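See below for the structure under consideration.
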Amino acid sequence: MNTVPIPRVVIAGTNSGVGKTTIVAGLLAAYRASGHGVQSFKVGPDYIDPGFHKIASGRESYNLDSWLVPPNTLPTFFASMAGDADLAIIEGVMGLYDGGREGVSSTAQIAKQLGAPVVLVIDCKAMGESAAAIAMGFRDYDKDVDFKGVILNRLGSDNHERMVREGMEKIGVPVIGAIRRDDRMHSPERHLGLTPVTEIDPTEAINTIREAVEKMVNLDALLEIATNAPTIELPDAIDVKTIEKRVKIGVAYDEAFSFYYPASLAALEEKGAELVYFSPLNDSVIPDVDGLVFGGGFPEMFLFQLSSNESMKESIRQANAQGMPIYAECGGLMYLCESINDFGGSVYKTVGIVPANCVMQQKLQKVGYVTATAKRDTLLGAMNTAIRGHEFHFSTMEPTIDDFPWAFHLEGGRKPQSYDGGYATKNVLASYLHLNFAGSDEGAQHFVDTCAAYKAQK
């Protein structure tokens, strides 16, 4: 372990929707254009925002989550992922102090764990000096947070900016940036948030916000804040390429299935898996592999194409019949069920290896961090194994058999609940649960070992 400086800064918000992702994308693109190697991170269980980060920075973006990854390992995880970057920019989640129950994995908690300074984004639309009162409250709420200043967003005019700046001067809060309203910076949204970059091309919007950031944010001041962050311990890097590849695991990845943590996939590689990507939308059959992973995403937006691809569905059914290990999360679970009812009530036949139907609902059904205790042996471990995960879905799963083999008993969520969920057989585990294999070492090992055992008997 080496103690090294890692320039880093957290871009937080007062709440969701203040423009954090837009501004972070602009910052990443601006620093990249100026010749800096900039590494991005996202606080919390988010799959969509990191896609915008990647396009802007040219690097994979990593999630920081003290629920899905053990808190004591978070600084080491962060340091290893920051690698050789000149600067690390961390986008917060929701408001600065929002997270799971009791502030679990909030932006403030992550910032304190990493010793990272915080700059707050405030949406100043329809307010003047009141923005200063908001900044003062956020600054003073937790003195352990290293609050360094604000970025003012969605300002309407020179006079509007002057009023807000005068308020910030009164309370001694530095203004790091002041960005004007511009609809060209907006990205389309749908029921789970922003539309993923696998479906749209945000390059033009990112270029627009980069130009705005270069003019309206003091990039030198922000870099100085990041550079003055305290040193952090950097572990010896793991060279995944030197690890013997024991199995091949097919990973469904396309417009319908794009919700993956890069660190989670890397954890499977570190256990000896070679990842082979394929598309349930566009390919005719699964690749020649020893296991399958179906991540989350938006299968409900591509139901005609998914249901029409009969050869792909049949190849998955054949793999299941042969005992191939198949792991699925959320959107992957939906696809493996017998059918999906879309928002309009139309029914589309899907793979059918999970004896249940999925029905899209108009309201969010589950959201929040949960603990899942295995009700039986699964691909991730023995019965009674406890796993930390996150749920966020609009659909419900309705079993079509009486003796349904529930995978987990789950507890938690934003509205605390206790319920059974998921489907588990000897070779299939499919649930609404999102987890990060980087924080579930035993689960990653067990899944890869199970794939290796299947390969050996095949």
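Tabulated results
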quantity: Failed condition for Arg414, given (1) more than 18 Å from the chain's Cα centre (by Cα); (2) of a type outside the set (Phe, Trp, Tyr); (3) open to solvent by 70 Å² or more (accessible area, probe 1.4 Å); calculated: (1)
quantity: Filter result for the condition that a residue is under 18 Å from Tyr31 (Cα atoms) and either at pLDDT below 95 or exposed (fewer than 13 other Cβ atoms within 10 Å of the Cβ) (or both), over Ala226, Ala205, Ala221; calculated: Ala205
quantity: Of residues in region 1-22 being buried (at least 24 other Cβ atoms within 10 Å of the Cβ) and modelled with pLDDT under 95, the one nearest to Tyr261 (Cα to Cα); calculated: Thr21
quantity: Candidates Ala135, Ala108, Ala131 - the one that is in contact with a Phe, Trp or Tyr (Cβ under 9 Å, 6 or more places away or on another chain), buried (at least 18 other Cβ atoms within 10 Å of the Cβ) and more than 25 Å from Val69 (Cβ to Cβ); calculated: Ala135
quantity: Matching strands (runs of 3 or more DSSP E) fully within region 292-380 where at least 2 residues are more than 26 Å from His409 (Cα to Cα) and not aromatic (Phe, Trp, Tyr); calculated: 347-349
quantity: Those residues of region 62-100 which are of a type in the set (Gly, Ala, Ser) and within 21 Å of Val4 (Cβ to Cβ), in sequence order; calculated: Ala79, Ser80, Ala82, Gly83, Ala85, Ala88
quantity: Selection from region 144-164 of residues that are under 34 Å from the mean Cα position of the chain (by Cα) and either among the basic types (Lys, Arg) or part of a loop (DSSP other than H, G, I, E, B) (or both); calculated: Asp144, Val145, Asp146, Lys148, Arg154, Gly156
quantity: Ser34 modelled with pLDDT of 95 or more and surrounded by fewer than 24 Cβ atoms within 10 Å (Cβ to Cβ); calculated: yes
quantity: Residue match in region 401-409 (condition: more than 30 Å from Gln305 (Cα to Cα) and in contact with a strand residue (DSSP E or B) (Cβ under 6 Å, 6 or more places away or on another chain)); calculated: yes
quantity: Yes/no for Lys313 being closer than 28 Å to Ala456 by Cα, charged (D, E, K, R) and crowded, with 17+ Cβ neighbours inside 10 Å; calculated: yes
quantity: Conditions (1) surrounded by fewer than 14 Cβ atoms within 10 Å (Cβ to Cβ); (2) over 26 Å from the mean Cα position of the chain (by Cα): number failed by Arg376; calculated: (1)
quantity: Flag for Gly26 being small (Gly, Ala, Ser), over 17 Å from Pro262 (Cβ atoms) and open to solvent by 10 Å² or more (accessible area, probe 1.4 Å); calculated: no
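The rows are residues; the columns are (1) modelled with pLDDT of 95 or more; (2) among the acidic types (Asp, Glu); (3) in contact with an Asp or Glu (Cβ under 8 Å, 6 or more places away or on another chain).
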residue: Ser307; (1), (2), (3): yes, no, no
residue: Ser315; (1), (2), (3): yes, no, no
residue: Met324; (1), (2), (3): yes, no, yes
residue: Glu329; (1), (2), (3): yes, yes, no
residue: Leu333; (1), (2), (3): yes, no, no
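The values are calculated or read from the model by the stated rules, or taken from the named source; none is laboratory data. Keep in mind that this is a model prediction, so the values were computed, not measured. Here Cβ is always computed from backbone atoms with ideal geometry, including for glycine, and neighbour counts include all displayed protein chains. Accessible surface areas use protein heavy atoms only, side chains included; no ligands, DNA or RNA. Shrake-Rupley method; radii C 1.70, N 1.55, O 1.52, S 1.80 Å.
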